[in-house]
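Undergrad: Got a structure for you, questions after.
Every read-out reported here was derived from the displayed coordinates using simple, explicitly stated rules and does not represent laboratory data. Predicted model, so just to flag it, every value in this text is computed and none were measured. Counting neighbours? That spans all protein chains shown, and the Cβs are built from the backbone with ideal geometry, glycine included.
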Amino acid sequence: MRPCRGNEKRPAESVGPAEPGAVTGVCSPGPLEWFSHMIENCYEYAVAAKAQGRPVVGIMCEYAPRELLLAAGAVPVCLCGGHAQTIPAAETDLPANLCPLIKSTYGYHVLRQNPFLEMADLIVAETTCDGKKKMLELLARSRPTCVLELPHKSDDAAAFAHWLSELRRFQALIEERFRVRLTPKKLRTAIALMNRERALRRRLAAFLQADAPPLTGRQLLDLKSSISGIPADLEQYQAAIDLLQTSPPLPDAARRVRVLMTGVPLVHGAERVLEIIEDHGGLVVCLETCTGLKPILEDVDPHAPDPLHAIAEKYFRLPCSVRTPNRRRLDSLRNLAQAYRPQCVIDLTWQACLTYAVESFQVREFCREVLLLPCLALETDYSPSDSARLALQVQALFETVRGQADAPPAGSSSKGHA
């Protein structure tokens, strides 16, 4: 079954290196094989939940508080498009010079080819970037949509108060629409579920802190789901952890350049740049994006007296480029660089993603002056037409890194003493 056109993934056995002993525990049969059928698994789960009377809610961003949806018995599913095939249909209504993620998502709406979107009882999104915000106005003409107003001031008490009021409004909307009461007990149960999921994914990511880790960044990226809180997924996360603890390291880990990747999300189907990096001698040991570590670094306080307040705090602290000033992103990069020890940073921006494009200057400056790491800024879209150019830029970065590693220490001399 392939419910979404263009959602075909590479076979599990082709994701990792071909050498014997490489990530044998995670390859088929096993967790990676399970998650290679992620779309099919999610579809079956959503259909079964729908048959049981549970609502399906489409989300467009990591700012959507999944805990509120899970507490209502709803199924939160990510609708972000990652395929170029749906973009031409989107451009009948949207401008061509718009973020490919927005256009791909809207293209599925035009073509009606995303079954999760078609079965959604509600779509919830936030006022993040202007392009997505205006696209939602078009989407709302024919689909039930709730837009949460996300304040952009990241360190303002009044901004947080407004965000909390938005979540209280959202809670009331959920209760009315789905005829359920979100009691503190239900919220705490959902908090515990999401905290467990985040903790498992953090443990998986931590394997890449090793000098010679047992999996690649591409394989780690596959170990996630479009729907949060699926019990079978949690079991597979734990199974992957158990297998990786005894799996041999990557045979070529010492020859690869360790990369911290930051920037825009690599949603399902849009993994091309990460694959280029690892196909040309890199190892993405840390993915600081909305599809990587960014949304799972912090949990919701399970002991807070007001669970909704605690949920609001966790999501308000997400360091997206739409926030200003976005110092938390730089703080996060510093902490992740210490933990994962990259040799360089690659900052990825989708074309027409203005907030990440402008913030890239600060990221490059921070990497150069604080992290003391070379940083490469890449800009692309969903088309593979520039893959050769991206590969050349990545290879040049890696040559620089290797040249620095081979250079003698400052003040030393290559000549022997007389």
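Undergrad: Could you give each residue of the stretch 207-220 its phi-based ³J(HN,Hα) in whole Hz, using Karplus coefficients 6.51, -1.76, 1.60 with θ = phi - 60°, and x for Gly or Pro?
TA: Per residue, the Karplus-derived 3J(HN,Hα) values read 4, 7, 6, 5, 4, 10, x, x, 8, 9, x, 5, 5, 4 Hz.
Undergrad: For Cα pairs less than 8 Å apart in space and 6+ apart in sequence, what is the mean separation divided by the residue count of the stretch 75-196, i.e. the relative contact order in percent? Could the numbers behind the result be given before it?
TA: Values: 107 pairs, mean separation 19.6, N = 122.
16 percent.
Undergrad: Under unit Cβ charges (Lys, Arg +1; Asp, Glu -1), what dipole magnitude, rounded to 20 debye, does the stretch 71-224 have relative to its Cα centre?
TA: The calculated dipole for the stretch 71-224 is roughly 620 debye.
Undergrad: Now a separate question. Can you sort T216, T289 by how many other beta carbons sit within 10 Å, fewest first?
TA: T289, T216
Undergrad: While we're looking at this one, here's another question. Using Cα atoms only, what is the angle between the long axis of helix 157-178 and the major principal axis of the chain, expressed in degrees (0 to 90) to the nearest 10?
TA: Approximately 50 degrees, to the nearest 10.
Undergrad: Let me confirm the definition first: pairs of Lys residues in the chain, 8 or more apart or on different chains, C-alpha distance under 22 Å. How many are there?
TA: 19
Undergrad: Only counting other Cβ atoms within 10 Å, I'd like H37, H268 sorted with the fewest neighbours first.
TA: Placing the least packed residue first, the sequence is H37, H268.
Undergrad: Using the Cα centre of the stretch 134-195 as the reference point, and only Cβ charges (+1 on K/R, -1 on D/E), how large is the resulting charge dipole? Debye, rounded to the nearest 20.
TA: Result for the stretch 134-195 is approximately 400 debye, rounded to the nearest 20.
Undergrad: What spacing in nm lies between the two simple spin-label points modelled at A51 and L354, each 7 Å away from Cα in the Cβ direction?
TA: Computed distance between label sites A51 and L354 equals 4.7 nm.
Undergrad: Counting other beta carbons within 10 Å of each Cβ, put E271, E298, E288, E67 in order, fewest first.
TA: So the ranking, lowest neighbour count to highest, is E298, E271, E288, E67.
Undergrad: In degrees, nearest 10, range 0 to 90: what is the angle between the Cα axis of helix 327-340 and the longest Cα principal axis of the chain?
TA: 50
Undergrad: Oh, and also: So what's the angle, to the nearest 10 degrees on a 0 to 90 scale, between helix 38-51 and the longest Cα principal axis of the chain?
TA: Approximately 10 degrees, to the nearest 10.
Undergrad: Please report the projected area of the stretch 260-338's Cα convex hull averaged over all directions, in nm².
TA: The Cα convex hull of the stretch 260-338, projected and averaged over all directions, gives 6.5 nm².
Undergrad: Next up: Would you kindly state how much longer the chain becomes between E40 and Q404 on full extension, computed as 0.36 nm times their sequence separation minus their alpha carbon distance, in nm to one decimal?
TA: 126.5 nm
Undergrad: If contacts are Cα pairs under 8 angstrom and at least 6 residues apart, what is the relative contact order of the chain in percent?
TA: Relative contact order here is 19 percent.
Undergrad: How large, in Å, is the chain by the Kirkwood hydrodynamic radius built from its alpha-carbon pairs?
TA: 22.3
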